[in-house]
Amino acid sequence: MRAAGPGRRGFTLVEVVVVLTIMAIVLMIAMPQYRLIVEHERLRDAAQTAQSDLMFARAEAIRRNSDVYAVFRTNGDRDWCYGLSQLSSCDCRITDVANASACALANPDGTRALKVVASQDYRDIRLTAAAFGGSLGYIGFSPYRGTTTQGAGTPVSGSVEFQSPDNTAVRVLVNLVGRASPCSNQLSSYRPCP
């Protein structure tokens, strides 16, 4: 900075341009990494929500003494939803709780509570697979210790897989006794998937 006259302080135009150029370069380098961090957080959040909802369905089956199902639907991997219901045929796309096909749980007072999660809640996160007991897109939890079922009484296992735009995947595995646990072969914060 060149010496200014008495009472004059400041930066030259060249100094301001150099600082702004350096800041622009740093931002261009940092932004893609920041975007990736945000996408991976959304992915973790979607998987964690699915895990929590599956565990909630298991607990509700025991509490209600009746089967509770988690039903997954996709219309392409970017448009997806899932819901909890006492019906394995509920439709998570229906948001009117009065509709008998909506994914809702009955309350003791006779009202129904909608329990649905949709892709709009997790921008750019894809539901790439939901397979239980083969290829079925739902899993039920029996009131008998919360074991898994698909209505026939035979326990089943399976998983739900979510992916971020960079194809990083997190799966939520459900074992025969109804325990849901996440895994990933790409994110070190999870145990590796089998």
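Its relative contact order, with pairs defined as Cα atoms under 8 Å and 6+ residues apart, puts the chain at 18 percent.
Segment residue 124..residue 157, full-extension length gain: 9.2 nm, with 0.36 nm per residue of separation and the alpha-carbon distance subtracted. Surface exposure of the chain, expressed per residue as accessible area with a 1.4 Å probe, stands at 57 Å².
Charges were assigned to the Cβ only: +1 to each Lys and Arg, -1 to each Asp and Glu. The resulting dipole of the stretch 88-194 about its Cα centre is roughly 280 debye. The structure shown yields mean projected area of the Cα convex hull in nm², and of the options [x] 11.5; [y] 17.4; [z] 13.2 that calculated value carries the label [y]. Given 14, 75, 176, which one lies farthest toward the positive end of the charge dipole of the chain, if we put +1 on the Cβ of every Lys and Arg and -1 on the Cβ of every Asp and Glu? Of 14, 75, 176, it is 14. Here the relative contact order of the stretch 105-194, from alpha carbon pairs under 8 Å that lie six or more residues apart, stands at 19 percent.
Assign one of three labels to the stretch 78-127, namely rounded, prolate or oblate, based on the Cα gyration tensor with a ≥ b ≥ c the square roots of its eigenvalues; rounded applies when a/c is under 1.5, prolate when it is not and a/b is larger than b/c, and oblate otherwise. Prolate. Return one number: the angle in degrees, 0 to 90 and rounded to the nearest 10, between the long axis of the Cα atoms of helix 13-64 and the longest principal axis of the Cα atoms of the chain. Once rounded, one gets 10 degrees. Taking a ≥ b ≥ c as the square roots of the eigenvalues of the alpha carbon gyration tensor, the stretch 79-170 is oblate, as a/c is not under 1.5 and a/b does not beat b/c.
Within the accessible area of the chain, the carbon and sulfur atoms contribute 57%, probe 1.4 Å, all protein chains present. Couplings for the stretch 173-178, taken from phi via the Karplus curve 6.51 cos²θ - 1.76 cosθ + 1.60 with θ = phi - 60°, read 8, 10, 8, 4, 8, x Hz in order; Gly and Pro are left as x. Scanning residues 5 or more positions from residue 91 or on other chains, those with amide H under 5 Å from its amide H are 102, 103, with H placed 1.01 Å from N in the peptide plane.
I need the calculated FRET efficiency for the pair residue 188 and residue 75, taking r as the beta carbon distance and R₀ as 45 Å, to the nearest 0.05. The pair residue 188/residue 75 has a calculated efficiency of 0.90. Assuming charge only on the beta carbon of Lys and Arg (+1) and of Asp and Glu (-1), the dipole of the chain about its Cα centre is about 480 debye to the nearest 20. Ordered from highest to lowest accessible area with the whole protein assembly present and a 1.4 Å probe, 56, 72 read as 56, 72.
The values are calculated or read from the model by the stated rules, or taken from the named source; none is laboratory data. Being a predicted model, the structure only gives us computed values, none of them experimental. Please note: Cβ atoms are built from the backbone with ideal geometry, for glycine as well, and neighbour counts cover all protein chains shown. When the accessible area is computed, the model is the full protein with side chains, heavy atoms only, and any ligands, DNA or RNA have been set aside. Shrake-Rupley method; radii C 1.70, N 1.55, O 1.52, S 1.80 Å.
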